[in-house]
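S.K.: There's a structure below that I have some questions on.
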Amino acid sequence: MTKTIFTNAKLSDGGLHDIHVENGRITGIQAATPSSASGNVIDIAGDLLVPGFVEGHIHLDTSFYGGKWVPHRPCTNGFDVHERVAFQADNMARAEPMAERAIKQLELCVSHGTLQMRSHVMVDGSVGLKSLETILAVREQYRDIIDIQLVAFPQSGILKSPGTPEFMDEAIGLGADLIGGLDPASFDRDVSAHLDVVFGIAEKRGVDADIHLHEGGSMGAFTIEEICARTEALGMQGHVSISHAYGLGDLAPDAARKIAAKIARSGISIMTNAPGHHTFPPVALLRSEGVNVFSGSDNIRDSWWPYGDGDMLRRAEIIGYRSGFFTDAELQAAFDIVTIAGAKALRLEDYGIEIGAKADFVAIAAEHIPEAVVGFPGNRKVFKEGRLVAEGGRIQKQ
């Protein structure tokens, strides 16, 4: 039986604590005392100890991070998902092997403290199951340092890409955890038929759904309402996420509040990375109505944009900055979005710094959470089930 005491760990209450860990789980939390305990003792030295970050939306199969620089190609006439998909296909045909690119991105995220992840992986008529098979192998290789959920993501559409419904269904049997979707109205131009496939597979396979939705304004709002209706009809409250939901940021406050109430009633989580070139969901308004809002890096140095560093604490700062968050309570909310709200969206069990939870946590040189959000300090220590897996921005090879 492996026992470790993490001593002098500062928790969110500001006090120093001893965290007792056995077999990868937290078995005790008490005020720090001069330790005379035998065995393995790790001194956190007064750093802030927080739960491992939840990377709720990323694309492990499409990043070029750590490889040859790929110049960004702008759309010819404003943002266009179809055109970006075409650019991506062209770039990926000339990129390094997918497994190498995915590993570089994965290690980047872990080095910053991400220990739980949801990645969307292309599964459609253009690539079949090849990308998923590659990322499944990477997931298995890194299973001891990060937990990864995989979404079967129809990047080329469901209806427009022949064979995609069958590939998506097969993907779940192969090892994907969730079913995805993409802009039912604007990309496939048939909301009902698109959602028939998504929710049909979800119901058949007993899995959750996470749907990309870039649609703006009233079109986006309509699609969200349709997703809410499907979710409630199938009793899938708490099992559905909508990623991006740009259209919520286009609505007037009263209209946004009205649809937020529907989203909350449906138990749907909303993912936003607060992108700099788009409207994005009104985080504070949604949270005030009871909607679970979580976050992810989305794209990291790929065909969609050249930005991204895999740091969810930095992502919390971006969300807070773009949302006009200033008070300590608001900064805490930004932090919650990349931790406990992500855990709720991903339906993670045994998450957090509490007795019985997995000993997945990060030590940060900060006095408290608001300071950590605005400063996102580096030189973190990252522990997976009580084992040091990263320090100072570098993975510790096991």
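S.K.: Would you check which residues across the stretch 1-20 are in a loop (DSSP other than H, G, I, E, B) and of a type outside the set (A, V, I, L, M, F, W, C) and list them? Outline the logic, then answer.
M.R.: Of the residues in the stretch 1-20, the ones in a loop (DSSP other than H, G, I, E, B) are 1-2, 11-15.
Once the filter is applied, which keeps residues that are in a loop (DSSP other than H, G, I, E, B) and of a type outside the set (A, V, I, L, M, F, W, C), the stretch 1-20 yields Thr2, Ser12, Asp13, Gly14, Gly15.
S.K.: Also: What are the pairs, 6+ residues apart or on separate chains, where a residue within the stretch 261-279 that is under 11 Å from Val293 (Cβ atoms) has its Cβ under 6 Å from a residue that is open to solvent by 10 Å² or more (accessible area, probe 1.4 Å) and of a type in the set (Lys, Arg)?
M.R.: Once the first residue is under 11 Å from Val293 (Cβ atoms) and sits in the stretch 261-279, its partners that are open to solvent by 10 Å² or more (accessible area, probe 1.4 Å) and of a type in the set (Lys, Arg) give Ala274/Arg322.
S.K.: A further question on this structure: Tally up the residues in the stretch 329-359 that are within 14 Å of the chain's Cα centre (by Cα) and in a loop (DSSP other than H, G, I, E, B), please.
M.R.: Of the residues in that region, 5 qualify.
S.K.: Select from the stretch 93-131 the residues that are out of contact with any His (no Cβ under 9 Å at 6 or more places or on another chain), part of a strand (DSSP E or B), in contact (Cβ under 8 Å) with a residue 60 or more places away in the chain and not aliphatic (A, V, I, L, M) and list them in ascending order.
M.R.: Thr114, Gln116
S.K.: Just one of (1) surrounded by 21 or more Cβ atoms within 10 Å (Cβ to Cβ); (2) closer than 30 Å to Lys204 by Cα trips up Leu286, so point out which.
M.R.: In the conditions (1) surrounded by 21 or more Cβ atoms within 10 Å (Cβ to Cβ); (2) closer than 30 Å to Lys204 by Cα, Leu286 misses (2) alone.
S.K.: To continue, here is another question. Any idea which of (1) β-branched (Val, Ile, Thr); (2) farther than 16 Å from Cys109 by Cα; (3) open to solvent by 20 Å² or more (accessible area, probe 1.4 Å) is the one Ile337 doesn't satisfy?
M.R.: Evaluating Ile337 over (1) β-branched (Val, Ile, Thr); (2) farther than 16 Å from Cys109 by Cα; (3) open to solvent by 20 Å² or more (accessible area, probe 1.4 Å) leaves (3) as the failure.
S.K.: Yes or no: Pro275 more than 16 Å from Met117 (Cα to Cα), modelled with pLDDT under 95 and within 18 Å of the chain's Cα centre (by Cα)? Full working, then the answer.
M.R.: Numbers: more than 16 Å from Met117 (Cα to Cα): yes; modelled with pLDDT under 95: yes; within 18 Å of the chain's Cα centre (by Cα): yes.
Yes; evaluated as a whole, the condition is true for this residue.
S.K.: Among the residues of the stretch 349-367, write down those that are surrounded by fewer than 21 Cβ atoms within 10 Å (Cβ to Cβ) and in contact with a helix residue (DSSP H, G or I) (Cβ under 8 Å, 6 or more places away or on another chain).
M.R.: Across the stretch 349-367, the qualifying residues are Gly352, Ala366.
S.K.: Let me ask something additional. Take the residues of the stretch 116-155 that are small (Gly, Ala, Ser) and surrounded by 22 or more Cβ atoms within 10 Å (Cβ to Cβ): which is nearest to Val198 (Cα to Cα)?
M.R.: Across the stretch 116-155, the extreme among qualifying residues is Ala152.
One line per residue, one yes/no per condition, for (1) touching a strand residue (DSSP E or B) at 6+ places or on another chain (Cβ under 8 Å); (2) over 22 Å from Asp80 (Cβ atoms); (3) at pLDDT 95 or above:
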position: Ile158; (1), (2), (3): yes, no, yes
position: Ser161; (1), (2), (3): yes, no, no
position: Asp183; (1), (2), (3): yes, no, yes
position: Ser186; (1), (2), (3): no, no, no
position: Leu195; (1), (2), (3): yes, yes, yes
position: Val198; (1), (2), (3): yes, yes, yes
position: Val207; (1), (2), (3): yes, yes, yes
position: Leu213; (1), (2), (3): yes, no, yes
position: Glu232; (1), (2), (3): no, yes, yes
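S.K.: Check every one of the strands (runs of 3 or more DSSP E) wholly within the stretch 21-90 and list those with 2 or more residues that are farther than 30 Å from Leu346 by Cα, modelled with pLDDT of 80 or more and open to solvent by 60 Å² or more (accessible area, probe 1.4 Å).
M.R.: Working: elements: 25-31, 40-43, 48-51, 53-58.
Hits in the stretch 21-90: 40-43.
S.K.: While we're on this one: So Gln332 ticks every box in (1) crowded, with 21+ Cβ neighbours inside 10 Å; (2) within 24 Å of Asn273 (Cα to Cα) but one. Which box is left unticked?
M.R.: If we test Gln332 against (1) crowded, with 21+ Cβ neighbours inside 10 Å; (2) within 24 Å of Asn273 (Cα to Cα), just (1) comes out false.
The values are calculated or read from the model by the stated rules, or taken from the named source; none is laboratory data. None of these values were measured; they are calculated from a predicted model. Every residue, glycine as well, gets a Cβ built from its backbone with ideal geometry; the counts of neighbours run over all protein chains shown. Just so you know, the surface numbers come from the protein's heavy atoms only, side chains and all, with ligands and any DNA or RNA stripped out. Shrake-Rupley method; radii C 1.70, N 1.55, O 1.52, S 1.80 Å.
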